[in-house]
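Q: Structure below; questions to follow.
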């Protein structure tokens, strides 16, 4: 049988059985309206069942969502030719036959408790979802409010975290140091990668101790009488926080080849807790010979104590506030200076200064010069401790010496042993101001709801508390004393009162806030290996300098290679200005 071709099939079809568009004479589309369109029209959604009608009060999704603010609907400019006229439904009504089982609840004193979006008395302002208000409680007045922090709201003035977060302006924080044109970026690492590092390190060994310690005043552990809180005093004592490479003890240990890497506990704690940080910071790394020093700049941000750095709604910068006096004292920089001042004086005030009752370390304070200093020394003990960062027994030993600090000493009431303490202070500026992070009012809640207060501080100040706990563990301190200091007047940063002191064991406190020191040691070892690999083929006597910077607006750190003379001219200029200031004061 011969094959059949396509031409045979086409010829066998009827003449009127055709496929394709209708002929021009067909009247199939007569009477159908035609909507003109333009080539510039944008094709959006085929159908949006979530949009409201034009008669709705909210105006539909496009009326309040900025994602569709500039979007045009296809054919929106044409007349409504396809609109279907519905019948008048004004005569219809819906009858609900279901029984309403909701009960009206009454609070203590006859007041009705209203739950929902909160709101001020008689007002329609939108507040926190979980906030609620007690009204008319037996003559106590409408100002008697009760708050619930689960929604982050505070009555009518609060806001739900997450509500319209997409429409908030992006904060652009300033870096701790400006990147110069002659700096070369070598590495950029995000916090996700840093959080996965891990290195098990022994507890370390003590090499030498310097300074002396006063005994802690145990009367601060008692809850103060309401209205008789202790005022925070300003005390002039000589306290030192010298950077690593300028420490005479570390210089001596480096000459003896006691270790390869050197750092101080405040610098090292910032690096180990880097994944928790939000604000920008920088660390200077100097590689000379086979020695690596973790340093800080003069006046670096590492020396300042941050406030509510990790809060969901952190304090606003000066450029973002309305410019009032109350706003100016609640900016991040102003709060950091206030918190640094509080911590310095709180550690001095909580000890009993007695020359007959104090613990002397093996060596005197290495930074104090009695012939030049006029202020008495502060209670401070410096413990130089060595840690083994080796990964395996086969490789060369990689040791690190850290200068750690303790603030006071206390006798154990049971065993009578002397215990070293780290003394720090948390500060409250205004529980109702922007940036408070939903904190409870300490004056009324510190002792009745201490767990909730501490949990809120762990959330809002995760990085700061992690650094303090890391410093305590590095120093092998036996305890931590956390003071709670508040402003005497929320509108003024001049006066402060001590509301109480709570004690913790460093390891237990680290477990409560999910602090993993093995992760911190993994970060340190990774940075050290990177520096050693960069200078493996270069001259061993040449000084190489690097700067590690936390990005102010992203969760990344960057490693820069900088000239060896970087920051030296800044330190010389700062030294000259300090000398001129001293001379002017003497005159």
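Q: I need the full set of residues from segment 213-237 which are crowded, with 18+ Cβ neighbours inside 10 Å and over 31 Å from the mean Cα position of the chain (by Cα), in order please.
A: Once the filter is applied, which keeps residues that are crowded, with 18+ Cβ neighbours inside 10 Å and over 31 Å from the mean Cα position of the chain (by Cα), segment 213-237 yields 213, 214, 215.
Residues are listed down the side, and each one gets a yes or a no for (1) surrounded by 22 or more Cβ atoms within 10 Å (Cβ to Cβ); (2) touching a residue at least 12 places away in the same chain (Cβ under 8 Å):
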position: 408; (1), (2): yes, yes
position: 417; (1), (2): no, no
position: 421; (1), (2): yes, yes
position: 428; (1), (2): yes, yes
position: 433; (1), (2): no, yes
position: 460; (1), (2): yes, yes
position: 465; (1), (2): yes, yes
position: 477; (1), (2): yes, yes
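Q: Pick out the one residue from 501, 497 that is outside any loop (DSSP other than H, G, I, E, B), in contact with a strand residue (DSSP E or B) (Cβ under 7 Å, 6 or more places away or on another chain) and within 28 Å of residue 203 (Cα to Cα).
A: Only one candidate qualifies: 501.
Q: Follow-up question, since we're still on this one. Please verify whether residue 242 is outside the structural domain of residue 309 (by TED's automatic domain parsing), in contact (Cβ under 8 Å) with a residue 40 or more places away in the chain, part of a loop (DSSP other than H, G, I, E, B) and farther than 25 Å from residue 460 by Cα, treating the condition exactly as stated.
A: For residue 242, the condition - outside the structural domain of residue 309 (by TED's automatic domain parsing), in contact (Cβ under 8 Å) with a residue 40 or more places away in the chain, part of a loop (DSSP other than H, G, I, E, B) and farther than 25 Å from residue 460 by Cα - is not met.
Q: For segment 404-439, give me the residue count where each residue is farther than 15 Å from residue 342 by Cβ and assigned to a strand (DSSP E or B).
A: So the count comes out to 12.
Q: Hey, can you tell me all the residues within segment 187-206 that are in contact with a helix residue (DSSP H, G or I) (Cβ under 7 Å, 6 or more places away or on another chain) and not in a loop (DSSP other than H, G, I, E, B)?
A: Selection gives 187, 191, 194.
Q: Right, here's the next one. If you check residue 438 against the conditions, is it assigned by TED's automatic domain parsing to the domain that holds residue 231, out of contact with any strand residue (DSSP E or B) (no Cβ under 8 Å at 6 or more places or on another chain), surrounded by 18 or more Cβ atoms within 10 Å (Cβ to Cβ) and over 30 Å from residue 211 (Cα atoms)?
A: Against the criterion (assigned by TED's automatic domain parsing to the domain that holds residue 231, out of contact with any strand residue (DSSP E or B) (no Cβ under 8 Å at 6 or more places or on another chain), surrounded by 18 or more Cβ atoms within 10 Å (Cβ to Cβ) and over 30 Å from residue 211 (Cα atoms)), residue 438 qualifies.
Q: Sticking with this structure for a sec: Is it fair to say residue 348 is modelled with pLDDT of 90 or more and in contact with a helix residue (DSSP H, G or I) (Cβ under 9 Å, 6 or more places away or on another chain)?
A: Judged against the criteria, residue 348 is not a match.
Q: For segment 207-221, give me the residue count where each residue is closer than 22 Å to residue 377 by Cα and assigned to a strand (DSSP E or B).
A: Matching residues across segment 207-221 total 9.
Q: Can you pull out every residue in segment 187-216 that is under 21 Å from residue 398 (Cβ atoms) and in contact with a strand residue (DSSP E or B) (Cβ under 7 Å, 6 or more places away or on another chain)?
A: The answer is 187, 189, 201, 202, 204, 205, 206, 207, 208.
The values are calculated or read from the model by the stated rules, or taken from the named source; none is laboratory data. Everything quoted here is computed from the prediction, not taken from an experiment. Heads up, the Cβs are rebuilt from the backbone with ideal geometry, glycines too, and the neighbour counts pull from every protein chain shown.
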